[in-house]
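Here's the structure, in structure tokens; my notes come after.
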Amino acid sequence: GAVVSQHPSRVICKSGTSVKIECRSLDFQATTMFWYRQFPKQSLMLMATSNEGSKATYEQGVEKDKFLINHASLTLSTLTVTSAHPEDSSFYICSAPDGGYNEQFFGPGTRLTVL
Amino acid sequence: AQSVTQPDIHITVSEGASLELRCNYSYGATPYLFWYVQSPGQGLQLLLKYFSGDTLVQGIKGFEAEFKRSQSSFNLRKPSVHWSDAAEYFCAVGPWNSGNTPLVFGKGTRLSVIA
């Protein structure tokens, strides 16, 4: 099956700094990728849809100026958490659909801790 | 509205006992149904999926699920639980062409296994 990677797997940063998380489709191209956020002991909540060549689409309640998404190529989407605060601490997971398999493939997730 | 309901937040079973995790969905189109498992601090692993055909689908690790359209359910089962099955389980639904549409997840069911 298709593989999606995320980097870094864990990151700890100070409040007020920015953090970039990468999501890569390793063996297929993805014009669309999805970013989810998962708070402890909760489900995955869709944050935004990343579209190659166009602006990302954000879910209601998600600040687009705080969570910057760039779909730089057909295999890479990045999520930048700007001016991070402790309440942004969460598990961030991306997924990418592979049309050939008619399903989505999830990255291993990135644990963000903001001190 | 699209939604997934997992009625049980936490289930505890004895090792070797059978398991059934419930999932009900509400979806306006032909659903594409998934079960994922997540170990603490880890990403999602696909257990099985259903799109069409035989309503009883087999997955990895000895899991199976049965799609019942009349009940809008897709319950996950395992005849004999192993201690390593302790994890969080998520049911998810998407459209049949799940490619460019994000999945909707249930809130998850945490499975504990006791000796």
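The values are calculated or read from the model by the stated rules, or taken from the named source; none is laboratory data. Since the structure is predicted, the reported quantities are computational estimates derived from the model, not experimental observations. Here the Cβ is made from the backbone with ideal geometry for all residues, glycine too, and neighbour counts use every protein chain on show.
Miscellaneous remarks
- Restricting region A:25-39 to residues that are at the interface with another protein chain (Cβ under 9 Å from one of its Cβ atoms) and out of contact with any Pro (no Cβ under 7 Å at 6 or more places or on another chain), the residue that is farthest from A:Cys94 (Cα to Cα): A:Thr31
- Strands (runs of 3 or more DSSP E) contained in chain B and holding at least 2 residues in contact (Cβ under 8 Å) with a residue 60 or more places away in the chain and surrounded by fewer than 18 Cβ atoms within 10 Å (Cβ to Cβ): B:3-5, B:10-14, B:109-114
- Residue ranges of strands (runs of 3 or more DSSP E) in region A:1-68 with at least 1 members among the acidic types (Asp, Glu): A:19-25
- Pairs with Cβ under 7 Å, 6+ apart, first in region A:40-57 and at the interface with chain B (Cβ under 9 Å from one of its Cβ atoms) and under 26 Å from B:Gly106 (Cβ atoms), second of a type in the set (Val, Ile, Thr) and surrounded by 19 or more Cβ atoms within 10 Å (Cβ to Cβ): A:Leu44/A:Ile93; A:Thr49/A:Thr32
- Residues that are over 13 Å from the mean Cα position of the chain (by Cα) and either surrounded by fewer than 15 Cβ atoms within 10 Å (Cβ to Cβ) or part of a strand (DSSP E or B) (or both) within region A:75-98 comprise A:Ser83, A:His85, A:Pro86, A:Glu87, A:Pro97, A:Asp98, listed in sequence order.
- Qualifying residue in region B:51-73 (condition: at pLDDT below 95 and at the interface with another protein chain (Cβ under 8 Å from one of its Cβ atoms)): yes
- Filtered by the rule that a residue be at the interface with another protein chain (Cβ under 10 Å from one of its Cβ atoms), over 17 Å from B:Ser72 (Cα atoms) and modelled with pLDDT of 90 or more, region B:83-106 gives a lone residue, B:Glu88.
- Residues of region B:35-73 that are under 16 Å from B:Ile9 (Cα atoms) and among the aromatic types (Phe, Trp, Tyr): B:Trp35, B:Tyr36.
- Qualifying positions in region A:99-115 - in a strand (DSSP E or B), touching a residue at least 60 places away in the same chain (Cβ under 8 Å) and not aromatic (Phe, Trp, Tyr): A:Gln104, A:Thr110, A:Arg111, A:Leu112, A:Thr113, A:Val114
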